[in-house]
Every structure is written in structure tokens, then in C-alpha cells.
Amino acid sequence: MPETSHRKESASTFLRLCSEGNAEEAFSKYAKPEFKHHNTSFSEDAEGLKLAIKENALRHPQTQFEVKQVIEEGDTVVVFSHLQEKPDTPGYAMVHILRFEGSQVAEFWDVIQAIPESCPNKYGAF
């Protein structure tokens, strides 16, 4: 089985672990030591992002994360997901882009959109 067949599952598991606050496990299992990200709210190194993940999990212990769709193209995996920090709230529509080197995440981007309480679009975010 080609190595790329596992990337979709690895990307989804990496994000799930992060949403649960398990940044150390997520990064040790799925990220390269030279991991870099493009979230403009945190320092560019893995340590800054791991700290933010841990702090967010402490602030929002009821967070729910659901993968909606995963697309793989070459060394890149795109994960479309729904994150709710509290049950019964609209939460966020998220797109994570993960570039792999071999079987590990080397680079990471995220795009986040708050889901409004009411929406004129009958299809909603999902």
C-alpha cells in the first residue's frame, strides 16, 4: 500500500488530538521536528502552537471536533471540519491544509470561519 494512503488518516488524527488538547502526542507521532505553521496568531515554531493548543483545551474542555471531508493531492491533505468549543453552539467551519514529507506533517495552514447563529443560506456551512 502506498505511503500516501495513510496521510488522510494521519491528518485527521493529528487534528483530533490537537482539538482534544493532546498537542504533545499529536506532534510526537505526526509532525516532523522541523514542523512549521502559518497561523498568524502564534510564533512560527511548533512550541508556540502546542502551547496555544494546550491553553485552548483548558479554556474549552467540552470542545467537539468533527471531520467533514478530507482531500489528498500529492503531498498535501486538506481537512474540512466543524469545531464547537461548547455543545449546542454553532462553532466554527475550519479548513486545515497539511503538507507532508514522507509520513509526517512538515507544514500547516488553517482557515477558520465562525458560524453565525442564523444564516440566510439554506445550505449553511456544511
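Every read-out reported here was derived from the displayed coordinates using simple, explicitly stated rules and does not represent laboratory data. Note that the coordinates shown come from a computational prediction; the quantities given were computed from them, not determined experimentally. Note that each Cβ is placed from the backbone with ideal geometry, even for glycine, and that neighbours are counted across all protein chains shown.
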Problem set entry | Candidate set: the stretch 81-126, residues that are polar (S, T, N, Q) and outside any strand (DSSP E or B); chosen: the one nearest to Cys18 (Cα to Cα) | Ser103
Problem set entry | Search result, residues across the stretch 31-45 that are among the charged types (D, E, K, R) and either in a helix (DSSP H, G or I) or over 19 Å from Val77 (Cα atoms) (or both) | Glu44, Asp45
Seminar exercise, completed: Screening Glu72, Glu107, Glu24, Glu101 for residues that are over 27 Å from Phe126 (Cα atoms), in contact (Cβ under 8 Å) with a residue 40 or more places away in the chain and not hydrophobic (A, V, I, L, M, F, W, C) leaves only Glu101
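Can you go through Ser12, Ser28 and tell me which one is surrounded by 16 or more Cβ atoms within 10 Å (Cβ to Cβ), part of a helix (DSSP H, G or I) and of a type in the set (S, T, N, Q)?
Every option except Ser12 fails the conditions.
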Exercise. Take the residues of the stretch 33-79 that are farther than 15 Å from Val111 by Cβ and among the small types (Gly, Ala, Ser): which is surrounded by the fewest Cβ atoms within 10 Å (Cβ to Cβ)?
Worked result: Gly74
